[in-house]
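See below for the structure under consideration.
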Amino acid sequence: MYKVAVLGDKDSVMGFMALGVDVFAVYEADEIKKAIHKLAEEGYAVIYITEKCYVDGRDAVDKYKDSGLPAIIVVPGITGSMGLGMNGVRESAKRAIGADILFGGD
């Protein structure tokens, strides 16, 4: 069975514990990058990451963006959305299809 993890600041991720998801509170860029690589090595299939952590750990996230697993999904943190999650979906669809079908751009 595949494992699911959530990375982010404590306030943003603690609610996911109720869903049975493995929760990791991370704050510093190095800590975020190490956690992403460790979770990938440990066979996590899905890693949810808050937008703030995505910004700080973008290098590590980019390493896995074209691989099958883990799927790294950007979610808003407790402070609200910065729009990065939807932009990620848009870029993934654009790479897969070759056109921006979600927002009508090119």
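The values are calculated or read from the model by the stated rules, or taken from the named source; none is laboratory data. This structure is a prediction, so every number in the text was calculated from the model and none was measured. As a convention, Cβ positions derive from the backbone with ideal geometry for all residues, glycine included, and neighbour counts pool all protein chains shown. Just the protein is used for accessible areas: all its heavy atoms, side chains included, with ligands, DNA and RNA removed. Shrake-Rupley method; radii C 1.70, N 1.55, O 1.52, S 1.80 Å.
With the condition kept exactly as written, say whether any residue in the stretch 13-34 is among the small types (G, A, S) and under 13 Å from the mean Cα position of the chain (by Cα). Taking every residue of the stretch 13-34 in turn, none turns out to be among the small types (G, A, S) and under 13 Å from the mean Cα position of the chain (by Cα).
I'd like to know if the stretch 9-17 contains one or more residues that are of a type in the set (V, I, T) and open to solvent by 60 Å² or more (accessible area, probe 1.4 Å). Scanning the stretch 9-17, I find no residue that is of a type in the set (V, I, T) and open to solvent by 60 Å² or more (accessible area, probe 1.4 Å), so the answer is no. Condition first: in contact with a helix residue (DSSP H, G or I) (Cβ under 7 Å, 6 or more places away or on another chain), surrounded by 17 or more Cβ atoms within 10 Å (Cβ to Cβ) and at pLDDT below 75. Can you find one or more residues in the stretch 90-101 that meet it? Within the stretch 90-101, none of the residues are in contact with a helix residue (DSSP H, G or I) (Cβ under 7 Å, 6 or more places away or on another chain), surrounded by 17 or more Cβ atoms within 10 Å (Cβ to Cβ) and at pLDDT below 75.
Look at the stretch 16-43: where a residue is touching a residue at least 24 places away in the same chain (Cβ under 8 Å) and a partner is surrounded by 14 or more Cβ atoms within 10 Å (Cβ to Cβ) and in a loop (DSSP other than H, G, I, E, B), sitting 6+ places away or on another chain with Cβ atoms under 7 Å, you get A29/G57; I32/V26; I32/G57; K33/G57; A35/V26; I36/G57; L39/P70; A40/P70.
Residues are listed down the side, and each one gets a yes or a no for (1) in contact with a Gly (Cβ under 9 Å, 6 or more places away or on another chain); (2) modelled with pLDDT of 90 or more; (3) exposed (fewer than 14 other Cβ atoms within 10 Å of the Cβ):
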| position | (1), (2), (3) |
| --- | --- |
| V21 | no, yes, no |
| I47 | no, yes, no |
| K52 | yes, yes, no |
| D66 | no, no, yes |
| P76 | yes, no, no |
| S81 | no, no, yes |
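Just the residues that are closer than 19 Å to Y2 by Cβ and part of a loop (DSSP other than H, G, I, E, B), please, taken from the stretch 17-65. Correct list: G20, V21, E42, G43, K65. Determine, yes or no, whether V6 is among the β-branched types (V, I, T), at pLDDT 95 or above and either under 11 Å from the mean Cα position of the chain (by Cα) or open to solvent by 40 Å² or more (accessible area, probe 1.4 Å) (or both). Yes.
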